[in-house]
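Student: There's a structure below that I have some questions on.
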Number of protein chains: 4
Amino acid sequence: MAKIPVGILGATGMVGQQYISLLNDHPWFEVRYAAASPRSAGKKYKDAVAGRWHLTKTYTYEVGLITVEDANDVSNAAAAFKNGGCSFVFSALEMGKEETRALEEQYAAAGIPVISNASAHRWTPDVPVLIAEVNPDHTDIIPMQKKARGWDRGFIAVKPNCSIQSYMKPLHALAQAGYTAQRIIVSTMQAVSGAGYPGVPSLDMIDNIVPFIGGEEEKSEKEPLKIFGSIENGIFKNAEFPKISAHCNRVPVTDGHTACVSLEFAGKKPSSMDEIKKIWADYKGLPQEADFPTAPKQPIIYRDEDNRPQPRKDRDADKAMAVVIGRLRPCNVFDIRFTSLSHNTVRGAAGGGILNAELLKYKGYLN
Amino acid sequence: MAKIPVGILGATGMVGQQYISLLNDHPWFEVRYAAASPRSAGKKYKDAVAGRWHLTKTYTYEVGLITVEDANDVSNAAAAFKNGGCSFVFSALEMGKEETRALEEQYAAAGIPVISNASAHRWTPDVPVLIAEVNPDHTDIIPMQKKARGWDRGFIAVKPNCSIQSYMKPLHALAQAGYTAQRIIVSTMQAVSGAGYPGVPSLDMIDNIVPFIGGEEEKSEKEPLKIFGSIENGIFKNAEFPKISAHCNRVPVTDGHTACVSLEFAGKKPSSMDEIKKIWADYKGLPQEADFPTAPKQPIIYRDEDNRPQPRKDRDADKAMAVVIGRLRPCNVFDIRFTSLSHNTVRGAAGGGILNAELLKYKGYLN
Amino acid sequence: MAKIPVGILGATGMVGQQYISLLNDHPWFEVRYAAASPRSAGKKYKDAVAGRWHLTKTYTYEVGLITVEDANDVSNAAAAFKNGGCSFVFSALEMGKEETRALEEQYAAAGIPVISNASAHRWTPDVPVLIAEVNPDHTDIIPMQKKARGWDRGFIAVKPNCSIQSYMKPLHALAQAGYTAQRIIVSTMQAVSGAGYPGVPSLDMIDNIVPFIGGEEEKSEKEPLKIFGSIENGIFKNAEFPKISAHCNRVPVTDGHTACVSLEFAGKKPSSMDEIKKIWADYKGLPQEADFPTAPKQPIIYRDEDNRPQPRKDRDADKAMAVVIGRLRPCNVFDIRFTSLSHNTVRGAAGGGILNAELLKYKGYLN
Amino acid sequence: MAKIPVGILGATGMVGQQYISLLNDHPWFEVRYAAASPRSAGKKYKDAVAGRWHLTKTYTYEVGLITVEDANDVSNAAAAFKNGGCSFVFSALEMGKEETRALEEQYAAAGIPVISNASAHRWTPDVPVLIAEVNPDHTDIIPMQKKARGWDRGFIAVKPNCSIQSYMKPLHALAQAGYTAQRIIVSTMQAVSGAGYPGVPSLDMIDNIVPFIGGEEEKSEKEPLKIFGSIENGIFKNAEFPKISAHCNRVPVTDGHTACVSLEFAGKKPSSMDEIKKIWADYKGLPQEADFPTAPKQPIIYRDEDNRPQPRKDRDADKAMAVVIGRLRPCNVFDIRFTSLSHNTVRGAAGGGILNAELLKYKGYLN
């Protein structure tokens, strides 16, 4: 089977590099188009990232030779895509919110589906915020979006903020078992790669932590309500619960966001910690059932040791696509508490985006 | 005025060194007796700590020449103290809980007051757990203790766990203003010096955090109930509130424990964040009123910047004896949330112990 | 082809774990015997390393079920090996030098070849110190060793200290091209994993470096002379050059030793930096020619960027078995200078040991 | 005695803040004028540094209220200075080399002495590069400079690069004793504060080192030749020795540059390591003899422990103005080797600049 050619917007940045690297051996997709800022445009990809490539794993020889295009030049992209150059784009744009929003819409309007990591469209009502295991049915918003916008083939689908990823699947697993979360207080310890490069200055991260990440707490509190929302009578409605209060901290870790979660259930409560562990161990979603190439075999891994999960030791579990949880115990104030971890630039960014693309391909949106 | 000669038990360890260093220029107390494990006994202090001294500030020439005694040899201490050697001891013992408990009792029984950093006696009902600003009246437990034990001059007083120190004074300030906390969910990011030396292996603290500190969460949840307890009709009763649920994490920071606190009030609530900031800014305790030498001028410092407090920049505020708070804002689930910071080996250990000694001296217990 | 069953001495330690992990999928060897301290003996391997497993990659299900033996019980090992249990052992013992030396000799005397990571036998004259690309012919010392000791099948072969590995292959490549090093001044920045676990305290590695590693400089200065030695008329002679002066430092890096090398040639000098880069790029040894499974395809990788090699980005190059070099430039005092990097627990420890085993198998010493 | 009013150019940057902080309690100088980029001009100093102040120690209330001026506006400065506003300026400018050079000359031409931290004028032949203990007589270049430039009261004097500071005084001490260095190979491990703020990204400094600092090696090799130069017959001549080869590395340390030095003497060699230690212990310069307020009591502190100096433990020795040395031992290739440490933003930057100002005041150049 011929691979589907894809493009990357923001290909030279932190998340763009992660996309390139993860797609090296992808069985369905193949990078053929790379766009970035005008500064990089016209250079070969290998020259554009020389001295700025941050990953251990490198890009392929072929990708290194791709000429980087100007991401703002949508007509150029449209032309390239018409000639069979590409089927859709992953957006890892790092520009301002307004510019990103407008540019992603231009791509979609030009007939190019946009699977985005940017936060610009997360609160656009007709744009789905997808976690492939949790709300694969939210792809049903796409036809509504296309219709409303008058778009033919193009559309926009996004992934949520990286800092909530480690506890959305566990919450979903519990909700499916009948245990819905009503209130959550969460404190995160987030990796510096979440801020891109150059990102967080080392003077702030040696013998130090920073108890603030601009905009992160608001996103953490709002986005789950959209992810847990539902389509009723052709209208999308956000969920009302769980109420979340987030403390977001930056810590000296390269990759891997950790969350300390205290949770109160709405009604029925699990009978024991063991019941919860079993629910998590048994959890599977569409990506597992349909065996998507990037899907982790086991989306939630529970570790029984007292002192896990730890970012350096657990972030790469199952191709860095699994969530690792530990320390499940009764909460002294709410019902339960636990610590969860997710790789922020893989599962929380490029890997999550690719999994979404696999979901959208499976559902026929990328033909 | 001649200085009061004092002794240090566990003088060569992490907290012992901090005591030695902080007492270098103390106007009331002077180190004359240093005891440690049999391994160090018989050596000059400077030789006993050679290659193991961890602080930037050093010990005095005189302390360097003190011959270290065996901390287990209580009769030796008693003899030394009778000869005018010392008035009381600071205990920074790092042995097992049972041994510490027994040994501290032996010193007290031998007529030597013990002001301790160890956790061994925190739940002994007739031993006060003191934070000098918060519960100075708990020294009234001491006569009860002496009577029950049949001790004459000796007694035991302890300080609480370092990880709760950053929010006990803020809670106390609010309670004094009529706003009592009912429920608290707190997540800490604690410095490695809290585990002593060698303590936490560097392999666990490079590009990593550890979401667990043995026993710390239990201490954090129980000790405040004793500190907020009261003596009624000659009987000490623990408080019933606040209910606390703690997540304690170890992070790559040398000194300074940070806490992310979400708090629900029991009844009356402050009218605004500004009212709370004013309560904190105005907060004073007996140490400030009586102008104890080690007391911070302002026990609670609030910083308005978004991204403070930070351990490296704020831990040394007011001789590392102040609590620094920031990010006060409404909680999405409870009433308010904030981030607080306290220097764990100064305010949370040796400095706190010295302030307790100043309180006890002021109240006449060290004559 | 059936795999050769092998044993690991010190299987639960840092390097032992690395052996277990690297042998997970090895095409020639298979772990069947695991021995450690009496404390671990009798436990299943998975239980013996519970809470102490430091690597991202884990052990196989089968290895987890192996019952750990007491490494001191050589007769037990001998019996197990006779029954077809094992062919040889990798020694990752972490006991004292004298005990290690004696114990490794007992294994060899019992007919079990010992391929060791320990430093105990590096200066035993009839024990070869092997780097598979550099001195594969030093295996010729083994028959001399067997004869002198009266050993039949057993023997001892060791690998050198990890801190010199990053520049031994580059020196060898230059020497083969006729450019021999006369004097070297080298300064290393070494990873904490080199000290095992718990190893270096985090209090020494946060906002700090330690300019000393016990015994490391002496090893760095002496071992190259043995590696570059030769057998003449049946007698092994150490080399007299290069004279090396080493400064060994510990830095806050998990894995990967970096060396800053200034080098003076003995006679003939390369005509240009480009000539040297070509020599390094073309360098191949027996492991590459015979295509050993653990051999890096390209033993020396040169990076042209100004700011490489960097431990986190380059240590895993070619399965963490390659040396990565950068910053080659004329030295203001000697002839040339450069910076080189090698993964200390893979290439410098377990991976290097496995490559030596592949060499010894290839030469027929493990039949 | 009334304090001398001084100005700071680049007052809001990293080094500028250090100047402000160190001059808080200075007995001779008082900050009255603060200039920075146009972005900060017109703001109160406290507003200009809000959220950007990096030091534990803060600025005085009075400095906080100073209105920041545009550093490019020399005529404004000249007017302010004429009105008795200021006597001279410390330049901590962080603009490009050419702009800095031109701007500093404009200040000097306007009658304002410039004591600079910038590297712009270090190779201007008639500008002295001063280390107050090492070459205080190089102030004799100033009259030559004034004459050549036609300047009346203004002049420019600079301090050298921070990375060489830890070994210049030790070399000078040895030279004074008759032991001159001929060749030096040095490898540094430099703190991130040397790169300013935001400076080095944390992604490059977590579990990593960077073996390159742009321009640093060239400065390290050339500047000592100017510092050890001499005025002969009214003409300044650089020294020809020592030949230096430097490897400069960036490591995850906030403050404190460490250097591993191997040194070959030109002729006569010290008889023993003890002789060298005595020379260093006895070393005094004009700052000590004339008791300058910022001078360390003992400019070179030797520590006998194996594992010192260490940045976090030793950088603050003697107000962070002393050099701390350890590990003196024979070099296997040259004559001796040792490790030395100096605080890069105090002794190596603002503290060194203030000490130079004290020297220039003492010599009458600031009247």
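The values are calculated or read from the model by the stated rules, or taken from the named source; none is laboratory data. Bear in mind the structure is a predicted one, so any value in this text is a computation, not a measurement. Ideal geometry is used to build each Cβ from the backbone, glycine not excepted, and the neighbour counts take in all protein chains shown.
Student: Do we have B:Leu55 as out of contact with any strand residue (DSSP E or B) (no Cβ under 6 Å at 6 or more places or on another chain), of a type outside the set (D, E, K, R) and at pLDDT 95 or above here?
Tutor: no
Student: Across the stretch B:244-263, what is the number of residues that are more than 7 Å from every other protein chain (Cβ to nearest Cβ) and either closer than 17 Å to B:Pro170 by Cα or not charged (D, E, K, R) (or both)?
Tutor: 7
Student: On the basis of being over 25 Å from C:Tyr362 (Cβ atoms), crowded, with 16+ Cβ neighbours inside 10 Å and modelled with pLDDT under 95, does C:Ala48 make the cut?
Tutor: no
Student: Filtering the stretch B:184-216 down to residues that are farther than 27 Å from B:Leu55 by Cβ and touching a helix residue (DSSP H, G or I) at 6+ places or on another chain (Cβ under 9 Å), which residue is surrounded by the fewest Cβ atoms within 10 Å (Cβ to Cβ)?
Tutor: Filtering the stretch B:184-216 for residues that are farther than 27 Å from B:Leu55 by Cβ and touching a helix residue (DSSP H, G or I) at 6+ places or on another chain (Cβ under 9 Å), the one surrounded by the fewest Cβ atoms within 10 Å (Cβ to Cβ) comes out as B:Ile184.
Student: Out of B:Pro311, B:Pro270, B:Pro330, report the one residue that is within 27 Å of A:Ile184 (Cβ to Cβ), out of contact with any Lys or Arg (no Cβ under 8 Å at 6 or more places or on another chain) and surrounded by fewer than 24 Cβ atoms within 10 Å (Cβ to Cβ).
Tutor: Answer to the selection: B:Pro270.
Student: Something else about it: If C:Asp306 satisfies every condition in (1) touching a Phe, Trp or Tyr at 6+ places or on another chain (Cβ under 8 Å); (2) crowded, with 18+ Cβ neighbours inside 10 Å; (3) within 14 Å of chain D (Cβ to nearest Cβ); (4) of a type in the set (D, E, K, R) but one, which is the exception?
Tutor: C:Asp306 satisfies all of (1) touching a Phe, Trp or Tyr at 6+ places or on another chain (Cβ under 8 Å); (2) crowded, with 18+ Cβ neighbours inside 10 Å; (3) within 14 Å of chain D (Cβ to nearest Cβ); (4) of a type in the set (D, E, K, R) except (2).
Student: While we're on this one: Among the listed residues C:Ala350, C:Ala322, which satisfies the condition of being surrounded by 22 or more Cβ atoms within 10 Å (Cβ to Cβ), away from every other protein chain (no Cβ under 14 Å) and more than 26 Å from D:Gly214 (Cβ to Cβ)?
Tutor: After applying the criteria, what remains is C:Ala350.
Student: How many of the residues making up the stretch A:244-280 are assigned to a loop (DSSP other than H, G, I, E, B), in contact (Cβ under 8 Å) with a residue 12 or more places away in the chain and out of contact with any helix residue (DSSP H, G or I) (no Cβ under 9 Å at 6 or more places or on another chain)?
Tutor: 4
Student: Here's something else I'd like to know. Kindly indicate which of A:Val158, A:Val89 is β-branched (Val, Ile, Thr), at pLDDT 95 or above and within 14 Å of A:Ala35 (Cβ to Cβ).
Tutor: Going through A:Val158, A:Val89 in turn, just one is β-branched (Val, Ile, Thr), at pLDDT 95 or above and within 14 Å of A:Ala35 (Cβ to Cβ): A:Val89.
Student: Okay, next question. Out of B:Gly96, B:Gly154, report the one residue that is more than 17 Å from the chain's Cα centre (by Cα), assigned by TED's automatic domain parsing to the domain that holds B:Ile8 and surrounded by fewer than 20 Cβ atoms within 10 Å (Cβ to Cβ).
Tutor: One residue alone meets the criteria, B:Gly96.
Student: While we're looking at this one, here's another question. Restrict the check to the stretch B:100-108 and report whether at least one residue is part of a loop (DSSP other than H, G, I, E, B) and outside the structural domain of B:Gln298 (by TED's automatic domain parsing).
Tutor: Checked against the condition, which is being part of a loop (DSSP other than H, G, I, E, B) and outside the structural domain of B:Gln298 (by TED's automatic domain parsing), the stretch B:100-108 yields no hits at all.
Student: Where in the stretch A:128-243 are there helices (runs of 4 or more DSSP H), lying fully within it, with 1 or more residues that are within 11 Å of chain B (Cβ to nearest Cβ)?
Tutor: Result: A:216-227.
Student: Okay, next question. Looking only at the stretch C:158-170, decide whether some residue is more than 25 Å from C:Leu328 (Cα to Cα) and in contact with a strand residue (DSSP E or B) (Cβ under 6 Å, 6 or more places away or on another chain).
Tutor: Yes, the stretch C:158-170 contains a residue that is more than 25 Å from C:Leu328 (Cα to Cα) and in contact with a strand residue (DSSP E or B) (Cβ under 6 Å, 6 or more places away or on another chain).
Student: Okay, moving on. Any residue in the stretch D:281-302 that is at pLDDT 95 or above, within 14 Å of chain C (Cβ to nearest Cβ), buried (at least 18 other Cβ atoms within 10 Å of the Cβ) and within 21 Å of D:Ile325 (Cα to Cα)?
Tutor: yes
Student: Something else now. Restricting the stretch C:224-241 to residues that are surrounded by fewer than 24 Cβ atoms within 10 Å (Cβ to Cβ) and touching a residue at least 60 places away in the same chain (Cβ under 8 Å), which is nearest to D:Ile184 (Cα to Cα)?
Tutor: Among those that are surrounded by fewer than 24 Cβ atoms within 10 Å (Cβ to Cβ) and touching a residue at least 60 places away in the same chain (Cβ under 8 Å), it is C:Phe241.
Student: Which condition from (1) surrounded by 14 or more Cβ atoms within 10 Å (Cβ to Cβ); (2) in a helix (DSSP H, G or I) is the one that C:Ala79 breaks?
Tutor: C:Ala79 satisfies every listed condition except (1).
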